[in-house]
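Accompanying notes for the structure given below.
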Amino acid sequence: MSLEAGEKARIAKQFIEAIPFSKALGMSLDDIGDGYAVISMPWSEELVGDPSTGVIHGGAVSALMDTCGGAAVMSHPGAPAGTATIDLRIDYMRPATPGQRIVARAECYNITRSVGFVRASAFDEDEGRPVATASGAFTVERPKEAKA
């Protein structure tokens, strides 16, 4: 049984909004389509990793990119709605600018029977210079076959 793109987007949005950690970080699903997602998170004093600089903690950025990658897999036309992170590599390119919203964009660029492969980037207002980039693998949960 295949889900329509709009239904997948609705399920992905509900999934993200149901994750308490995503809610605590203030994540917002900004855009989602066939195999891609855009999720943003506001800067918050509670998310600062170093009070002397005001830079958001890398863990908050990684959580944003992980959630965005999962949403991209969930929205892929070749994947059912369920997913979980298998592996996620994040390269931090520079500190995010204090006070600025962070936006993650992820694309599920390949999908097999059991794994979705994702590339993602996170930006602040300087979209020409990523804060971080990521590549990851996520499970593709297929419905169990009905036995006759």
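Every number here is computed from the coordinates shown, using simple stated rules; none is lab data. Note that the coordinates shown come from a computational prediction; the quantities given were computed from them, not determined experimentally. Please note: Cβ atoms are built from the backbone with ideal geometry, for glycine as well, and neighbour counts cover all protein chains shown.
A few remarks follow.
- Verdict on residue 123 being in contact with a Pro (Cβ under 6 Å, 6 or more places away or on another chain) and not aliphatic (A, V, I, L, M): yes
- Taking first residues from the range 80-96 that are of a type outside the set (Asp, Glu) and partners that are loosely packed, with under 15 Cβ neighbours inside 10 Å and assigned to a strand (DSSP E or B), the Cβ contacts under 9 Å between residues at least 6 apart in sequence or on separate chains come to 95/50.
- Selection status of residue 54, without any contact (Cβ under 8 Å) to a residue 12 or more places away in the chain, in contact with a strand residue (DSSP E or B) (Cβ under 9 Å, 6 or more places away or on another chain) and surrounded by fewer than 20 Cβ atoms within 10 Å (Cβ to Cβ): no
- Count of residues meeting criterion [in a strand (DSSP E or B) and surrounded by fewer than 20 Cβ atoms within 10 Å (Cβ to Cβ)] in the range 3-35: 4
Let's see how each residue does on (1) within 12 Å of residue 61 (Cβ to Cβ); (2) in contact with a helix residue (DSSP H, G or I) (Cβ under 9 Å, 6 or more places away or on another chain); (3) of a type in the set (A, V, I, L, M, F, W, C); (4) not in a strand (DSSP E or B):
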{"position": "91", "(1), (2), (3), (4)": "yes, no, no, no"}
{"position": "97", "(1), (2), (3), (4)": "no, no, no, yes"}
{"position": "106", "(1), (2), (3), (4)": "no, yes, yes, no"}
{"position": "110", "(1), (2), (3), (4)": "no, no, no, no"}
{"position": "120", "(1), (2), (3), (4)": "yes, yes, yes, no"}
